[in-house]
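Each remark here refers to the structure printed beneath this line.
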Amino acid sequence: MEKWFNVGKIVNTHGVRGEVRVISKTDFADERYIPGNKLYIFKERDTEPLEVTVASHRQHKSFDLLTFEGYHNINEVEQFKDSLIKIPESQLEELEEGEFYYHEIIGCSVVTEEGEAVGKIKEILSPGANDVWVIQRKNGKDLLIPYIEQVVKEIDIENKQVKIHVMEGLLD
């Protein structure tokens, strides 16, 4: 069975020429939305995704604006509002050593350098200079750790484990 990965959400239309406004969930927007690429739209009530081909891509404010081949006006793309844009696993790019996809990190157990269990990574935030990993702890509120080399010491994707260095005040 094919695994699908979310790359964005269509939140609205833009103008009258068939452009859609997308909130991107991919680190590779320039590559993912290149004209000619295939994307798959998952509408809420449909059981099968709709394959579309990117005709154009541009950025506007904090959105990616896309048009698809064969969809030339607002009436044809209105149906895509609130739909997810996904790609199959086969379209994932090979990453360089030390780079990871979010789905590889989310769900990993986090332990200290001493082997003490901290929790599981449940979400990744990208607020600015570096990502912030949200760790769900068994007892207590979520812990936020920065994805920086002073804190994250080892990532073992195969065993779904991340080893961190506990800086002063990190676990408080």
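The values are calculated or read from the model by the stated rules, or taken from the named source; none is laboratory data. All values derive from a computational prediction rather than experimental measurement. Note: ideal-geometry Cβ built from the backbone for every residue, glycine included; neighbour counts use all protein chains shown.
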Checklist entry - Hey, among Lys25, Lys3, Lys61, Lys38, which residue is surrounded by 14 or more Cβ atoms within 10 Å (Cβ to Cβ) and of a type outside the set (Val, Ile, Thr)? => result Lys25
Next on the checklist: Please verify whether Ser56 is under 20 Å from the mean Cα position of the chain (by Cα) and among the hydroxyl-bearing types (Ser, Thr, Tyr), treating the condition exactly as stated.
Outcome noted: no
Checklist entry - Out of all the residues in the stretch 75-97, which are of a type outside the set (A, V, I, L, M) and more than 14 Å from Phe28 (Cα to Cα)? => result Asn75, Glu76, Glu78, Gln79, Phe80, Lys81, Asp82, Ser83, Pro88, Glu89, Ser90, Glu97
Next on the checklist: I'm checking my understanding of the structure. Among residues of the stretch 134-155 that are closer than 15 Å to Glu113 by Cα and in contact (Cβ under 8 Å) with a residue 24 or more places away in the chain, which one is surrounded by the most Cβ atoms within 10 Å (Cβ to Cβ)?
Outcome noted: Ile145
Next on the checklist: I need the full set of residues from the stretch 28-74 which are assigned to a strand (DSSP E or B) and among the small types (Gly, Ala, Ser), in order please.
Outcome noted: Ala55, Ser56
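Among the listed residues Glu19, Glu99, Glu93, which satisfies the condition of being within 19 Å of the chain's Cα centre (by Cα) and touching a residue at least 12 places away in the same chain (Cβ under 8 Å)?
Glu93
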Checklist outcome for this item: Filtering the stretch 100-112 down to residues that are at pLDDT 85 or above, in a loop (DSSP other than H, G, I, E, B) and under 17 Å from Phe28 (Cα atoms) yields Phe100
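Restricting to the stretch 130-139, and then to whatever is outside any strand (DSSP E or B) and touching a strand residue (DSSP E or B) at 6+ places or on another chain (Cβ under 9 Å), can you tell me which residue is modelled with the highest pLDDT?
To start, the set of residues in the stretch 130-139 that are outside any strand (DSSP E or B) comprises 130-131, 137-139.
Of the ones still in play, those that are also touching a strand residue (DSSP E or B) at 6+ places or on another chain (Cβ under 9 Å) are 130-131, 137-138.
Numbers: Asn130: 84, Asp131: 88, Arg137: 92, Lys138: 84.
Ranking the candidates gives Arg137 first.
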